[in-house]
Each structure stands twice: as structure tokens, then as C-alpha cells.
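See below for the structure under consideration.
The values are calculated or read from the model by the stated rules, or taken from the named source; none is laboratory data. Everything numeric in this text was worked out from a predicted model, so none of it was measured. Because the Cβ atoms are built from the backbone with ideal geometry, glycine has one as well, and the counts that use them run over all protein chains shown. All accessible areas refer to the heavy atoms of the entire protein, side chains included, with ligands and DNA or RNA removed. Shrake-Rupley method; radii C 1.70, N 1.55, O 1.52, S 1.80 Å.
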Amino acid sequence: MNIDALRSGDRRALARAITLVESTRDSDRGAAEKLLRCAMPHTGGALRIGISGAPGVGKSTFIEAFGSQALAQGKRVAVLAVDPSSAREGGSGGGAILGDKTRMEKLAADARAFIRPSPAGEAQGGVARRTRESMLLCEAAGYDTLIVETVGVGQSETQVAAMTDIFLLLLSPAGGDDLQGIKRGIMELADIVVVNKADGKLSDAATNAAADLRHALNLLRPRLASWSTPVLLVSALEGRGISETWRRVDEYRALLEADGALHARRRRQARDWLWNETREMLLAALKHDRAVGDALESALGEVGDGKLPASVAARALVATFMRSESLATSTAASTVTTPAASTVTATAASTTT
């Protein structure tokens, strides 16, 4: 695939590009990396929005209404929805539901919108392994509004805040002790809190929940010092509160851009991404190292039987890996040097003769 197909804005081309970067086959990595390098000059101009919320909070209904409002404003919207995958021990990590297109039928039918469900697999933090690359490809394809929907909400589903410009936390109407189940960490990351389903019999409960949340947020420090995290009442089903949510999103982006915080945040996110990728690749290399493999079974047995602390075993495995890599490097160097020396000797002998 070439960059021109992606830049054309064709949704099929974008889907193929994301499939390429999501591929785990070694044979696809070269083409994927080449495509990403070509895409980079065309990235960075979109607004990146992360949305998280517990199952049943109405994320898909909210995103469809939210995305439709963006289309009405002349924007092009890409939704990257991360579906849960099987977490059974020994499973393949597959089994994604991939039902977001059926839950966002109106948005999916609009040619200006793109919806891509991806399985979470073994990735942590509520996002798929290649979500960041997918975001870059969407920007290169001309989408100016990116929405990343996470698997759920909890202490671990916070990485979406580390790859987006603004983080929306969706909550259901609740009150009193129910709010104690909301993790402080994710509340501190939220730039906007949306109490969804504020309609019908839940209207009063939603109002009470919003009041409790505003009080709780007064005790927390927002990510942006000049911003006070708003709590909004929304009925995505009826379309109420969506315009107000967009107004707050625009206000937040304006603040980020005014003092250079957006640029600084993205630089920090890019550095974090580099370290995450480095850790993943080093771990993969360690797991596939033959010397480590020989020592791993014994280490797992001793740790599992309580004979050896995991920290001690891990240090030994890393030491084994480093010795193995050092040996491989030395062997490679000697392999290169030996033929060269032989050539020099043969040449000298020929000259003497």
C-alpha cells in the first residue's frame, strides 16, 4: 500500500492500512513501518479525544450523538473503538465482539465518518496495541476529529488519557455510596465528566450524581491548572447536552493551545510511547532468546514452588539474556572479521608468489 491511497481519504484504504499496522506477521512489519514513515508529515492536526466509561453507561450511543454533532459542524470523524478480547488462561487473546458499527449505524453510514473496532488482545490500559499508529493513519487520511473509545473504566483503563488531548469520563446516574466505586486515579485524569442517561426516571438521580461529583472534583487537582473539570448532564438518547459537551471540548482545546500545553503534552506522550515500544520489544526479544528459554523453565519452577524470589529470578534471566546477546554480537563480529583476514592473507600470498 502507498501513501497516496491513504491520503485520498478512502475509507477502504484506511481500513487496509490499519490492518497492515495491526498485523503481527514479521513479513508485514517492513511495509507497515514504511507506510507510517510516509504518513508522519501529514499527522498532528486532529483533535484527539479519549472516552471511557463502565459497560452499560451508553458510550456507543453517546459517541454516535457526539460524532454526529461534529459532522454537523463540518468535521470528519474517526472512531477507534477497542473491544474486549478473551482473557481466558491459555487463550489466544482473540474473541473481540466488534459490534460498534452495528451500535453506531447512523454514524457508520456517513461517508465523512470512519469507525474501526479493534480487539484489545493482551494490551493493557484499555487500548489496543496499535491504537497510536491507527490514530496517525486516520490523521494522514484527513480526519480532523479522532475519538478513542476504551474497553471500560477502572484503575488500568487510563492509557487512553496518555495518548489523547482531552479525556471524557462517562458515568451513569448514581448517588451516595455508588460514587465510592469510582477510582480516584481516573477521576483525576478526566478533563470533562459526563453523566449520561439524564432522562426519564433517571433524571433526578443524574442531577444528584452530578452534584456529588462536582463536590468530589473540588478536592482533586485537574490536569490543566487553568481548567476546572466540569460535570455535564447529558441524554445521548435524546440528544440533550451534546452541544454543551462540544462547547466545553472546544474551550479546553483553546486553553491547551493558548499556553503551549498541547505541544508539550504531545511531546511527552511521544516520549512515553517510545519507552513503551522499547519495553515491549525488549520483552519479546527476551522471551524468544534460546538461552533464556533454557533457564526460564527452571526459574518458573523455583519461583512457583516458593524457593526463589521473583526479583532474584528476573535478575538472573536478564543477566542470561545480556550474556547471550553479548556472545551473539561477538560471534557475528568474528564471522565478519575472519573472512576479511583470510582474504588479506590470500592476497598477500598471491602477491608474494
Taking amide hydrogens as modeled 1.01 Å from N in the peptide plane, which residues meet the under 5 Å criterion relative to Ile115, leaving out close sequence neighbours? Val79
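Please state the shape class of the range 1-85: rounded when a/c is under 1.5, otherwise prolate if a/b exceeds b/c and oblate if not, all from the C-alpha gyration tensor. Don't jump to the answer; show the numbers that get you there.
Details: a/c = 2.58, a/b = 1.50, b/c = 1.72.
Oblate, because a/c is 1.5 or more while a/b does not exceed b/c.
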Rounded to the nearest 10 Å², what accessible area does His263 show when all protein chains are kept and the probe is 1.4 Å? 120
Give me the accessible area of Cys38, 1.4 Å probe, in Å² rounded to the nearest 10. 60
Can you work out the Karplus-derived ³J(HN,Hα) for every residue in the range 44-59? Use 6.51 cos²θ - 1.76 cosθ + 1.60 with θ = phi - 60°, whole Hz, and x for glycine or proline. x, x, 8, 8, 9, 10, x, 10, 9, x, 5, x, x, 6, x, 4
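Roll a 1.4 angstrom probe over the protein heavy atoms and tell me the percent of accessible area of the range 1-57 that is carbon or sulfur. Let's see the in-between values first.
Values: 1520 of 3100 Å².
Summing carbon and sulfur atoms, their accessible area is 49 percent of the total for the range 1-57.
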Using θ = phi - 60° and the Karplus relation 6.51 cos²θ - 1.76 cosθ + 1.60, list the HN-Hα couplings for the range 103-108 in order, rounded to whole Hz, with x at every Gly or Pro. 8, 10, 4, 5, 5, 5
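If you place +1 on the Cβ of every Lys and Arg, -1 on the Cβ of every Asp and Glu, and leave all else neutral, what size is the dipole of the range 179-236 about its Cα centre, to the nearest 20 Debye?
Numbers: 7 positive and 5 negative charges, 34 e Å.
That gives the range 179-236 a dipole magnitude of about 160 debye.
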Can you tell me how the range 200-309 classifies by the Cα gyration tensor, rounded, prolate or oblate, using a/c under 1.5 as the rounded cut? prolate
The percentage of the accessible area of the range 189-250 (probe 1.4 Å, all protein chains present) made up of carbon and sulfur atoms, to the nearest whole number, is 52
Let me check something: with ligands and nucleic acids excluded, how do Met281, Met135 order by accessible area (1.4 Å probe), largest to smallest? Met281, Met135
Sorted by chain and then number, the residues having a modelled amide H within less than 5 Å of the amide H of Arg76, at least 5 places away or on another chain, are Asp144, Thr145
